[in-house]
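The values are calculated or read from the model by the stated rules, or taken from the named source; none is laboratory data. Please read these numbers as outputs of a predicted model, since none were measured by experiment. Cβ placement follows ideal geometry from the backbone for every residue including glycine, while neighbour counts extend to all protein chains displayed. Please note that ligands, DNA and RNA were not included when accessible areas were found on the heavy atoms of the full protein model with its side chains. Shrake-Rupley method; radii C 1.70, N 1.55, O 1.52, S 1.80 Å.
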Amino acid sequence: MIGKRGRMRVLHCFMAAVLPLLIHCTAQAGSEPVVNWFNRGLPGLSPVLIDPGIFSIQGSRPHGALAISPEGKEVYWPVIPPRVLVVFQENNNWTEPATASFSELNIQAPSFSPDGELLFFQISDPGGYGSLDIWRLEKGEGEWGNRANLGNPPNSPRMESQPSVAASGNLYFTGFYDGGHMDRGIFRSEYSGGGYLSPVLLPESINGPYLDYTPFISPDERFLIFSSTRPSENEDNIRLYISFRGEDDTWTEPENLNILMNFNQPSRFPSMTPDSRFLIFLSRGDYYWLESGIIEKCRDYPGK
């Protein structure tokens, strides 16, 4: 039998998959989001700069995706020098950026599980398995508990970073790939029986002789957005790409989202608002956002 906690996790996973669809349908009918997204009017299908004042703090440079809680009122992001900052929405306004309660030296890449119960991140720690490991925090009674290493697998004696988690618990991340630029590639580690299976490198269409990293997996695992320098190894050429996953677990040839967005600047660290309505990414130290409807314009969009 499934215990109370197990039933709650099943419910959370179900809501994580279904709630964005309900919100999206409601949004199509003309409703406004339940939170005050970033102090500005809503964007369309072209990238719009998010108010820099929300995510700016003197002496720090944004260096990662935004991690937004399911209710949309708690946002974490990593900066250089390495630490994690946070803002909260209070009285329909965002608080001033502050160092997160769990932040410490070398912590980066915070990422919520779709149900919001867990926060994943990367950190270099002597208690880990390699030079860089993925850890997680679990929230209880509104507070983050002690951090815990995900174990081996998915961590290894080498490097695991930039986690993104699906509603199934499956973990997508950047890992060591001998053959990729800077020895990086995108992996998936399936969650089964309370633990992670050995990571599998995603196919060659996603991992090439380029810099392919910073994955974002949709909660239902139907598409993957990542950053890539293809068709070169020049980091100034970094752009966002999307690949769709079929029912047979094959992945489509990645398509350049920057072309569809008509946005000719370096772009990386993709994420989405928890209602799935907006795509967010980092470019030259600033965050931009646009309607996720841009994804429907992709050549391989399901049902097109």
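At-a-glance table
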read-out: Candidates Leu105, Leu118, Leu211: whichever shows maximal mean-square fluctuation once the chain is modelled as a Gaussian network with Cα springs under 10 Å; value: Leu105
read-out: Percent carbon-and-sulfur accessible area, region 59-127, ignoring ligands, DNA and RNA, probe 1.4 Å; value: 48
read-out: Global geometry of region 156-196, whether rounded, prolate or oblate, following the gyration tensor of its Cα atoms and the 1.5 cut on a/c; value: prolate
read-out: Solvent exposure of the chain as accessible area per residue, Å², 1.4 Å probe; value: 46
read-out: Carbon plus sulfur fraction of accessible area for region 231-304, probe 1.4 Å, in percent; value: 40
read-out: Probe 1.4 Å - accessible area at Glu233, Å² to nearest ten; value: 100
read-out: For the chain: rounded, prolate or oblate by the Cα gyration tensor [a/c cutoff 1.5]; value: rounded
read-out: Top positive-direction residue, dipole computed over region 46-184 with Cβ charges, set Ala166, Ser131, Asn146; value: Ser131
read-out: GNM top mover of Phe187, Phe102, Phe278 - the chain, alpha-carbon springs below 10 Å; value: Phe102
read-out: Within a Gaussian network of the chain (alpha carbon springs, distance under 10 Å), most fluctuating of Pro47, Pro270, Pro126; value: Pro126
read-out: Anisotropy class of region 117-167 from Cα gyration tensor, a/c 1.5 cut; value: prolate
read-out: Proximal charge balance of Leu211 [Cβ under 13 Å; K/R count +1, D/E count -1]; value: -1
read-out: Contact order normalised by residue count of region 67-130, Cα under 8 Å, 6+ apart, percent; value: 27
read-out: All-pairs alpha carbon distance profile, region 141-237, 10 Å steps from 0, percent; value: 16, 45, 29, 8, 1
read-out: Difference of contour (0.36 nm per residue) and Cα-Cα distance, Leu45 to Lys297; value: 89.7 nm
read-out: Residue-level accessible surface for Thr250, protein heavy atoms, 1.4 Å, Å²; value: 70
read-out: Listed residue (Asn262, Tyr210, Trp94) projecting farthest to the positive dipole end of the chain, Cβ model; value: Trp94
read-out: CD proxy at 222 nm, helix term only [per DSSP H run n ≥ 4: -39500 (n - 2.57); per residue of the chain; nearest 500]; value: -3000 deg cm²/dmol
read-out: Local net charge near Lys73, Cβ-Cβ under 13 Å (Lys/Arg +1, Asp/Glu -1); value: -4
read-out: Positive minus negative residues near Arg158 (Lys, Arg vs Asp, Glu; Cβ under 15 Å); value: -4
read-out: Percent RCO, i.e. relative contact order, over the chain, from Cα pairs under 8 Å lying at least 6 residues apart; value: 15
